[in-house]
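In what follows, a single structure is set out as structure tokens and then discussed.
The values are calculated or read from the model by the stated rules, or taken from the named source; none is laboratory data. This is a predicted model, so every value here is computed, not measured. No Cβ is skipped: glycine too gets one built from the backbone with ideal geometry, and neighbour counts run over all protein chains shown. Just so you know, the surface numbers come from the protein's heavy atoms only, side chains and all, with ligands and any DNA or RNA stripped out. Shrake-Rupley method; radii C 1.70, N 1.55, O 1.52, S 1.80 Å.
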Amino acid sequence: MTTRRELEHCYDALTALPEGWSSWDDLMRITLEEARKAEAIDEVPVGAILVAPDGTIVAKAYNRTIIDHDPTAHAEILALRTAGKHLQNYRTEELVLVVTLEPCLMCSGALVHARIRGVVYGAPDHKTGAVDSQLNSFELPLHNHAIWHRAGVLQEECSTMLSAFFKKRRKQIKAEKESRKSRSSS
């Protein structure tokens, strides 16, 4: 029979920080740089990276749904596509995804199919988060692959970036509505 200590040792080994990195915060800062690229093109500021156990960043991506006219162009999906091409394999079993926002159901499903090792995310997505917030999709019994996850890495910084983006977007929409209203009444 496996002891609790042996199980904890296995989990610690599985969820270990990739070589050469001193904290998940350092990796999340890179995803925040990717998120800023999305924000610069008026996309929802979400960034993602895929990291190998040796510390190599295999893929970087940011949201491009609007600019690419593609509802699947989330940062996580784009990072998986890049990693698959780099590895010449759709399975990314050794990689860990680091992403600024909790993955949605589409992305979590793709992560399961890619057989990713783990997910580290910053901000929870209280509306559509499919790892913890609305659903723990990684725990569904229909999956044949288990993914570990860690939440809340640089959560405040990730959440602040997203909140500021949506506040600015709401202000822009309001200004556009007022502009249309004033033109139509003239």
Just the accessible area per residue of region 94-186, please: how many Å² with a 1.4 Å probe? 57 Å²
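Quick one: how many lysine pairs in the chain have C-alpha atoms under 16 angstrom apart, if they're 8 or more apart or on different chains? Write out the running numbers ahead of the final one.
On the way: Lys37/Lys60; Lys60/Lys85; Lys167/Lys177; Lys168/Lys177; Lys171/Lys181.
Lysine pairs meeting the criterion: 5.
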Counting each DSSP H run of 4 or more residues in the chain as -39500 (n - 2.57), what helix-only mean residue ellipticity at 222 nm follows after dividing by all residues, to the nearest 500 deg cm²/dmol? -14500 deg cm²/dmol
With a 1.4 Å probe and all protein chains kept in place, how do Lys60, Lys181 rank by accessible area, largest first? Lys181, Lys60
Highest-fluctuation residue, Gly109, Gly118, Gly47 considered, GNM on the chain with Cα pairs under 10 Å: Gly109
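Multiplying the sequence separation of Arg29 and Ala175 by 0.36 nm and subtracting their Cα-Cα distance, what value in nm do you get?
On the way: separation 146, 0.36 × 146 = 52.56 nm, distance 3.27 nm.
Taking Arg29 through Ala175 to full extension adds about 49.3 nm, to one decimal.
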At 7 Å along Cα-to-Cβ for each site, give me the label-to-label distance between Glu94 and Ser182 in nm. 6.0 nm
Residues of region 43-78 with the amide nitrogen closer than 18 Å to a label point 7 Å from the Cα of Lys168, along Cα-to-Cβ, please. 43-48, 62-67
Compute the angle between helix 75-87 and the longest alpha-carbon principal axis of the chain, please, reported from 0 to 90 degrees and rounded to the nearest 10. 50 degrees
Rounded accessible area of Asp42 (nearest 10 Å², 1.4 Å probe): 70 Å²
Full extension between Glu157 and Met106 adds, at 0.36 nm per residue less the Cα distance, a length in nm of 15.9 nm
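What FRET efficiency comes out for Asp42 versus Ser133 if R0 is 25 angstrom and r is the Cβ-Cβ distance? Round to the nearest 0.05. Can you show the working numbers first?
Working: r = 25 Å, r/R0 = 1.00.
Approximately 0.50, to the nearest 0.05.
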Long-range amide H partners of His143 with built H, under 5 Å: none
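By per-residue mean of other Cβ atoms within 10 Å, what is the highest-first order of 129-137, 74-82, 28-36? Please list the in-between numbers first.
Values: 129-137: 18.6, 74-82: 24.7, 28-36: 20.1.
Output ranking for 129-137, 74-82, 28-36: 74-82, 28-36, 129-137.
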